[in-house]
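Worksheet: the structure to be examined is printed underneath.
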Amino acid sequence: MLELLVCALFTILPDYLYRRFAQGKRFGHEITLFSVWFELRWGIVTCVMLTVGLITVIFYNHPSTTSATVFFRTVPIVPEVNGRVAEVHVGVSQAVAKGDLLFTLDNKTQTAAVEASRRKVAEADAAIAVAKADILANEGKIQEARSSLQQALDELRTKTELQRRNENVVAAREIERLENIVAGREAAVSSATAARDAEQTRIATLLPAQRASAEAALGQAEVELQKTVVRAGFNGRVEQFTLRVGDVVNPFMRPAGILIPEEAGRGRLLAGFNQIEAQVMKVGMVAEVTCISKPWVIIPMVVTGVQDFIAAGQVRSGEQLLDAQQVVRPGTILVLLEPLYQGGLDGVTPGSSCVANAYSNNQDIIAAKETGTLRRIALHAVDATGLVHAVLLRIQALVLPVKTLVFGGH
């Protein structure tokens, strides 16, 4: 409507003034309700054409959208393991800090597993202590076997020397018996030494490995025990936390509640602009928004990101072929807007719906030396039409509360 009024000032009004003062035709006499189209046909046709062209220029170069929302991410509260709720430490809606306890599950099974793993570690330590004692016992056996061996060797040497001097003094059978005794006691020394070496090998390799396995099992059991305690991972607010003692929770079922990050929806706004404006939307464009949760306020914004993909065109692998006709509604260009000044979105409730305008700026092209005069004039005119859209946004900001409260069914 505003564009039509502006165009009428430059088309219909001059045509009427020409008819009135140049041709002497008066409104209500020569110009009536039935003859106005014939008398002012040139002004009306020109007004319609100029209005269509102006609207096209404004909405293309200074895009607008009502699909702007302060989106925010929510994190479902789910445990990592199945279990029955033993304690609940927060209410249905409550602010929490990072590390605050939310709820705990029944941990009897996990506690028993931890205790069993601790006993395994103690058992491994006991086995190491026993092995060390066995080494000392084997050392004693080695000494005893060596003493017996030395005694047998001494006796064998004595009898052999006596036989060498006089064969009749010591019988050959006695020498054979002593040699067998020496061989047996040498075997006893070797056996005791092997037993000691085996215990040393157990202490050096097997028992430490068994203890390490027991410690790993203990660590795993303690991790499983910690999973029964659910804490807040960051500062935020718990909402819709309806979990109660005795409930059975499962990480693959519904969440226990929702945790909203403290900074969620506080610093940016996402807006969906029409696809035809994909070539116009650029990072750095100045924008303005007005939100329902903060009426009668225009918030200066800046475009900080333009998504390179349109969500409506995404596909997922499946057993059916893709049919383009299934995409009924064309998608939009997702644009990221951030406040031009710090604290610009203060007072805007996260999730609030907003109206956004973006304004193109061709000053770089105008300032370029290779840009012609006519093109500079045209680009100046295009940039100037942004004023019309800015006025429209302010009218929307004024009308929006009335439209919502009076004509919205309240």
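The values are calculated or read from the model by the stated rules, or taken from the named source; none is laboratory data. Nothing here was measured: the structure is a model prediction, and the numbers come from that model. Every residue, glycine as well, gets a Cβ built from its backbone with ideal geometry; the counts of neighbours run over all protein chains shown. These accessible areas exclude ligands, DNA and RNA; they are computed on the full protein's heavy atoms, side chains included. Shrake-Rupley method; radii C 1.70, N 1.55, O 1.52, S 1.80 Å.
Working from Cα pairs under 8 Å separated by at least six residues, relative contact order for the chain is 24 percent. Volume per residue of the convex hull around the Cα atoms, evaluated for segment 229-352, comes out as 195 Å³. In this calculation the C-beta distance from Leu322 to Thr201 is compared with R0 = 60 Å, giving a FRET efficiency of 0.35. Between the listed residues Ala390, Thr228, Pro63, the Cα displaced farthest toward the positive end of the dipole of the chain, a dipole computed from Cβ unit charges relative to the Cα centre, is found at Ala390. Each residue was assigned an accessible area with a 1.4 Å probe, and for Met253 the value is about 120 Å².
Expressed as a whole percentage, what fraction of the accessible surface of the chain belongs to carbon and sulfur atoms when a 1.4 Å probe is rolled over the protein heavy atoms? Ligands and nucleic acids excluded, carbon and sulfur give 58 percent.
Please tell me which of these pairs span more than 21 angstrom C-alpha to C-alpha: Lys120/Lys141; Lys282/Lys403; Lys294/Lys403?
Flagged as over cut-off: Lys120/Lys141; Lys282/Lys403.
Going by alpha carbons, how many degrees (0 to 90, nearest 10) lie between the helix axis of 172-201 and the longest principal axis of the chain? Roughly 20 degrees between the two axes. A crude spin-label estimate for the pair Gln143 and Gln226, with each label 7 Å from Cα along the Cβ direction, gives 4.9 nm. With q set to 0.11, 0.12, 0.14 Å⁻¹, the log10 of I(q)/I(0) for segment 170-314, from the Debye formula over equal scatterers at the Cα positions, is -0.86, -0.91, -1.01. Computing volume of the Cα convex hull per residue in Å³ for the structure here picks out one of [x] 124; [y] 353; [z] 303, namely [y].
Spin-label model, Glu262 to Trp42: label points 7 Å out along the Cα-to-beta-carbon direction sit 7.1 nm apart.
Considering helices alone, the calculated mean residue ellipticity of the chain at 222 nm is -15500 deg cm²/dmol, with DSSP H runs of length four and up weighted by -39500 (n - 2.57) and normalised per residue.
How large is log10 I(q)/I(0) at q = 0.17, 0.18, 0.24, 0.27 Å⁻¹ when the Debye formula is applied to the Cα atoms of segment 327-382, each weighted equally and without solvent? Taken in order of the listed q values, log10 I(q)/I(0) reads -0.81, -0.83, -0.99, -1.12. Taking all protein chains as shown and a probe of 1.4 angstrom, Phe309 keeps an accessible surface of around 150 Å².
Size of segment 105-182: Rg and Dmax of its alpha carbons, in Å, are 27.7, 92. For the chain, the per residue solvent-accessible surface stands at 63 Å², with DNA, RNA and ligands left out and a 1.4 Å probe.
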